[in-house]
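The next block holds one structure in the form of structure tokens; read it before the comments.
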Amino acid sequence: MRLERGIISSSQLTFLVAGYVQGSVMVVAITNIITKQYTWLVVLSGLAASIPLAMVYIALARKFPGKDLIQINRIVYGPYLGKLVSALYIWFFCSIAGFMLTYVGEIIKYYMMPETPKYAICILFACICAWTVRNGIEVLARTSVIFVMIIIFVILITFFLLLKDMQLTNFLPFFDLSLKDFIQGTHVMLTLPFSEIVVFLMVMPYVNKGVEAKKSVILGLIIGGVSILIDTVRNTAVLGVTSTIMVSPSIESVRLIDLAEIITRLEMLVITLLLIAMFIKVSVMYYGSVLGIARLFNLRSYRPLVLPIGSIIVSLSILSFTYLAQNVGFATGTGPFFTLTFEFSPVITLLIAKIRKLPK
Amino acid sequence: MKNRMGFILEIIICFMLILPISGCWSRHELNSLSFVVGVGLDKAEKPGEIQLTTQVVKPGELKSASAKNKSSGSGGNGTNAYWNIKRTGYVASKIIRDFSHESSHRLYFPHNQVLIIERKLAEEGIQKYIDTFIRDNETRFNVLIVVSEDRANEVLDVSPELEKLPAINIAKLVETQNVTSESPTVRLIDFIRRLMNKTTAPIAPLIRVTSDGNEKTVEVFGTAVFKHDKLVGELNKRETRGLLWVINKVKGGMIDVAVPSGDGTVSLEIMRAKSKMTPVIQDDTILIKLDIKAEGIINSQSGSEDITSPVHVASLEKELSAEIRKEIIAALKTAKDLNSDIFGFGESIYWKYPSEWKKLKMKWDEVFPDIEVALNIDTTLRSTGNISAPAVPAKE
Amino acid sequence: MFRYIHSKLRFWQLANHNGADANHSGNSQSNLFDDLNKNLTALKGVFGNSYDVNMRGFNFGDQGVTRGAIVFLSGMTDTAIINENIIKPLMYDIRLSSKQETSPMNNMSIIQATLLTVGMVQKASTINEVVDGCLSGKTILLMDGSKDALVIGTEGWETRGVDEPKTESVVRGPREGFTENLLTNTTLLRRKIKNPNLTLETMKIGEQTKTTICVAYLKDLVPPQLIKEIQRRLQRIKTDAILESGYIEQFIEDAPFSIFSTVANSEKPDLVAAKILEGRAAIFVDGTPFVLTVPMVFMESFQSAEDYYSRPYFASVVRLLRTLAFFISITSPAIYVALTTFHQELIPTSLLFTMAASEEGVPFPAMAEALIMGTTFEILREAGVRLPRPIGQAVSIVGALVIGEAAVGAGIIGEPMVIVIALTAICSFVVPPQTDSGSILRLILVVLAGAMGGFGIALGLMGAFIHLASLRSFGTPYLSPFAPLSTQDLKDSFIRVPIWAMFARPRTIGWHDPQRQEFRLKPSHPSEEDKS
């Protein structure tokens, strides 16, 4: 039974995945404390490590065509355990949406409107996401096509405008990274931006020609990964060692653009980038959780759930962290393990499905 | 769906209520803000206290203000386009808040051009004073840092000839130094980068107020050398250029060399310079190889000999290289005397030999004075100007 | 209180009363009588005492035995045809006399077949048809002893000549525009598309006005479900009057609550022909020169017919300029308000001081200024349209300049605000179909910017975007070709590739028959052509 009447094409799926991964383009700066000037290396390794995981997700989706994650859980794990696992997944989606929302709220509050309380920003942002989710996956895919183009444009422009401030010596020495830091960095990078595409298992049933999804998802992942890479390279090249102490290196490095006294003070570009990219991310997570609950309770349509789930997500975003450093601490410390459990379990699901030879 | 319209209406009303609640707090009309263009930090009389001076723009006066007001007395703000506010206190951030006791407008820092620190204050260490300028969101990282010989509030009071605001004058002054390359241009981000490095010493341009009779002007005259965050010494203009040769920041300048045959001096203008620093570690001795390439043109000569033949030009190039070498060695000597690594030798060692670096950085203070430098200077004179032989009667 | 409830009850009664009488005009289907006088009396009863109803009785046939009458509305008929082609043959021809043995009822067919030298003659047997025909400018021929009447096409009334459309003037291209006559309009279309597949289906909508609507499309090109959908929506309309195509537009559009229109209109036949050739359908409405075309996509507002008549480089530049102008017209007051109120750090320093200097004595906050000036500008624009032409131009120029200058001099408004509003005003006219939606969007953005600064503008623009992405126009997504992405169609969006490169019809509209021209049509040197 289809909860969503819309269908998206595989090229739209590419853009959706790319925009989703680009949603974390500013959040990955949290690994600067761990990896100092090697963040770009960790981005690459995270991307490389996430491609096999992505293939697992696609294989799982292909094994159960037309069924989303909740249904797959039910088939593989049985009715009771499956419901439990699905409920945990929905909690995961909601909380990640909340974390992203709180990040957006913090950055906008701190950089643009310091006196405004964070919840006002979060609520208004969530309203836009709620409206999009209510309109369905098609609208989300269509908006993400254009937003992704804007994001890529902004990233490239800021990169080129900062070329004169870049110092390649900021990357030296190569490979002075301890293995422990490298693994920790890769772990964060794997779980935080890249493998959160597990939520697309909820979206897969609505993709036209699901068999071609593999190319789209991998391509989207790579596009998103390259965007994050360019952004990270730019930050490290411009800011050097100071990027380790900065809360948001992207904004600070773009603040340094000063050409001919006209092309200056362009941080609005980066904040727009943040808003757009995070919008896609939060909307997709939001959508995943709304669909999940609708499917879990066998509802006919997910539309009445949009506002209640939205208020839950907003409350989560306000309650979770009081200030940004807490968020960063969580994301570098326990966060990756938290997300890894959810991102890794589809592997287990696939194994069990293969063993039990499902679907019959 | 009869109550659908009512529902939508409710939502719209909720939105309209939310909108004024949210950002209106952050709303500052243009005429409720006073734009700070310059900040000065001085030592105050009481120990531990600093005096903070902020220069605030009066936009309405900008169009009508004369550049220099000779008739007004000292500190006369008759038609000046700026206003300097001074306050003392222990912590910079509290002083900034205290300004609200005097100023009817809220101080607004994002357009700050320059941060001036008095020399006496810099000698005590400035990390604790500039932290607010790094941490606060309003102050930006491309503000210029300057150390002044005199008190900062005096510097900020000097009405400039060409600009309307002293702070903008200072900022442009510091940035124009690349014509002579005798003073560095240091932004806050560059300062912080050197500050955060264990071994590299921060630098900042030095300015002072010179008075020529009744007229006062601001002059840039060298570089302040720090060690960690305390000021330990200075480089004069020549030594500064030596430093800039090494860190690859020379963009122009004029060097006088003597003509080998003794017929006057030739002024050579530097057009381009590039430097490369390569560390070599051999059995506990550290050698830094510096390769400097410079390009220049002949700007003027005081003699009447034709110095544009290839032989002459080659000898001029040698003289130029010798001069550059002298400048660099002078800078090296002063840096070693002050024991602060302003060149970034430590960093270059870290880039190439990270494992050795870990041992070296602990005892860098002992290692640094013993570093040997091998200079390899390569100069090329590209052009002789508009004329080749000087404008003198041709020799028969 | 009871009166209030009573009136509400009556309202609900009326609203729920389905199938109310479609015909308010007298007898629905009563037939004509045998007797001429009875017919004439009945018709007089229907028409009342209108002065332009002419009923001329005359005798014709052998020795003037048969009595007949013609009924027509003078002013709507071409009296030359009536005189020459109806009355003259009837009165002068005596052939009728030789067929005396046939019953009187056949005579109408004989008259229709042999005597009337007019192109369009139809038989009618009900009063309704007769009345309808009369009101459309046709002449009714009644004969004593015949239950049928003949409805003869003699339309001829004063119309505006084919002229350059006032709202869409071009530098290069045909200067014909549609007129208020449906037949002229469809003729203009036929002259552009000389294809038998060009189907023109008519229907009458509007109880009182009985306006003729014509749906034009190319039979082999247009997706059949589009036509079915259009017909379904048109047949749904049961209203009193259709006075202009705007009425139809508001009844059939996809998103009545959206500020963006999903139905395009145009006054130029070449534009409508081009749209039909891409697979769209056009709806002509009698009485208005504005022809609707469905489906509409957002990029159409930025395309004009001239783009295709000029060469690609300049056309692309002009397209980009239009998009930029549209964007400026929506966002510049909002950006100005946001920058000066919330984000003063984003303005370059020297510009900021100038702005601060000019805003120094101004009493209003920036948002209030923007709203005041915006409203003033809209009032000036509306006044400029309504004033008679000789006065109108002078007043709008004088108004804008003088009011702006005086306001600045008095210190009510700051100078940058006047510049911003002037720029906005000029830019808002660059994209004519979106002028009205643009001004509403601008207002919303200014309010959002005043409340929340840059964040508000971002939210507003994102919201507008999402709304655009969710619109469909008769099944076609409103934001094609961007979303869903169709690289083929991007050739004609922000830029316009040369005409020899556009060999496919827009995918979402005309995919029925994709290819519209041959490949490899790029003009090239003859020797190169031999190689290919």
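Read-outs: derived from the displayed coordinates by stated rules, not from any lab. All values reported here derive from a predicted model rather than from experimental measurement. Don't worry about glycine lacking a Cβ; one is built from the backbone with ideal geometry, like all the others, and counts go over all protein chains shown.
Averaged over residues, the count of other Cβ atoms within 10 Å places the peptides C:208-217, A:237-246, C:77-86 in the sequence A:237-246, C:208-217, C:77-86, highest first.
Within chain B, DSSP assigns beta bridges of which about 65% are antiparallel (rounded to the nearest 5). Once C-alpha pairs closer than 8 Å and six or more residues apart are averaged by separation and normalised to the residue number of chain C, the relative contact order reads 12 percent. Helices in chain C that qualify as membrane-span-like (whole DSSP H runs, Cα extent of at least 24 Å along the helix axis, mean Kyte-Doolittle hydropathy of 0.0 or higher) are C:312-341, C:366-386, C:389-410, C:435-470. For B:ILE117, the residues whose amide H sits under 5 Å from its own are B:LEU41, B:VAL146, B:VAL147, B:SER148, ignoring neighbours fewer than 5 places away on the same chain, with H placed 1.01 Å from N. Projecting label points 7 angstrom from Cα along Cα→Cβ for A:SER320 and A:THR169 puts them 4.1 nm apart. Amide H contacts for B:VAL232 (H built 1.01 Å from N in the peptide plane; partners 5 or more residues away or on another chain; cut-off under 5 Å): B:VAL225, B:PHE226, B:LYS227. Just the number, please: Stokes-Einstein D of the protein assembly as shown in µm²/s, Kirkwood Rh from C-alpha pairs, 4 °C, 1.567 mPa s. After rounding, the answer is 34 µm²/s.
Mean per-residue shielding of peptide C:478-487 is 5, counting Cβ atoms of other chains within 10 Å of each Cβ. For the pairs B:LYS86/B:LYS120; A:LYS209/C:LYS219; A:LYS36/B:LYS249; A:LYS164/B:LYS289, note any where the Cα-Cα span goes beyond 22 Å. Where the Cα-Cα span goes over 22 Å, the pairs concerned are A:LYS209/C:LYS219; A:LYS36/B:LYS249; A:LYS164/B:LYS289. Rounded to the nearest 0.05, what FRET efficiency do C:GLU180 and C:ILE372 give with R0 = 35 Å and r taken as the Cβ-Cβ distance? Could you check? That pair, C:GLU180 with C:ILE372, gives E of 0.30. Evaluating 6.51 cos²θ - 1.76 cosθ + 1.60 at θ = phi - 60° for every residue in segment C:156-173, the Karplus couplings come out as x, 9, 6, 10, 6, x, 5, 9, 5, x, 6, 8, 9, 9, 10, 7, 10, x Hz, glycine and proline recorded as x.
Ordering B:LYS198, B:LYS227 by the number of other Cβ atoms within 10 Å of each residue's own Cβ, fewest first, gives B:LYS198, B:LYS227. Which one, A:ILE152, A:ILE348, A:ILE228, has the greatest fluctuation when you compute a Gaussian network model over chain A with C-alpha springs under 10 angstrom? For chain A, modelled as a Gaussian network with Cα springs under 10 Å, the answer is A:ILE348. Arranged from fewest to most other beta-carbon atoms within 10 Å of their beta carbon, B:THR200, A:THR322 become A:THR322, B:THR200. For peptide A:106-115, the mean count of partner chain Cβ atoms within 10 Å of a residue's Cβ comes to 5. Each peptide in A:296-305, A:138-147 receives the mean, over its residues, of other Cβ atoms within 10 Å, and ordering these scores from highest gives A:138-147, A:296-305. Percent of Cα pairs in segment C:309-473 per distance bin of 5 Å, from zero to the largest separation: 1, 8, 15, 18, 19, 15, 12, 7, 3, 1, 0. Please identify the DSSP H helices in chain B that span no less than 24 Å along the helix axis (Cα) and have a mean Kyte-Doolittle hydropathy of 1.6 or more. Qualifying helices, which must be both long enough and hydrophobic enough, are B:4-21.
Near B:LYS326, which aspartates and glutamates are there with a Cα under 13 Å away, not counting those fewer than 8 places off in the same chain? Those aspartates and glutamates meeting the cut-off are B:GLU239, B:ASP256. Rounded to the nearest whole Hz, the Karplus-based 3J(HN,Hα) values (6.51 cos²θ - 1.76 cosθ + 1.60, θ = phi - 60°) of segment B:107-120 follow the sequence 6, 10, 8, x, 9, 5, 9, 8, 10, 9, 10, 6, 4, 5, with x at glycine and proline.
Averaged over the residues of A:69-80, the number of partner chain Cβ atoms lying within 10 Å of the residue Cβ comes to 0. From the alpha carbon centroid of segment C:264-279 to that of segment C:288-337 is 16 Å. Annotation: amide H-H contacts under 5 Å for C:ASN265 (H modelled 1.01 Å from N, sequence separation of 5 or more, or interchain): C:THR293. Each peptide in C:296-302, C:460-466 gets a packing score, the mean of other Cβ atoms within 10 Å over its residues, and the list from highest to lowest is C:296-302, C:460-466. Legend: calculated FRET efficiency, C:VAL385 to C:ILE440, from the Cβ-Cβ distance at R0 = 22 Å, rounded to 0.05, equals 0.80. The fewest-to-most ranking of B:TRP357, B:TRP364, C:TRP12 by surrounding Cβ atoms within 10 Å reads C:TRP12, B:TRP364, B:TRP357.
Calculate the length of the line joining the C-alpha centroid of segment C:108-124 to that of segment A:313-354, in whole Å. Measuring centre to centre over Cα atoms gives 86 Å.
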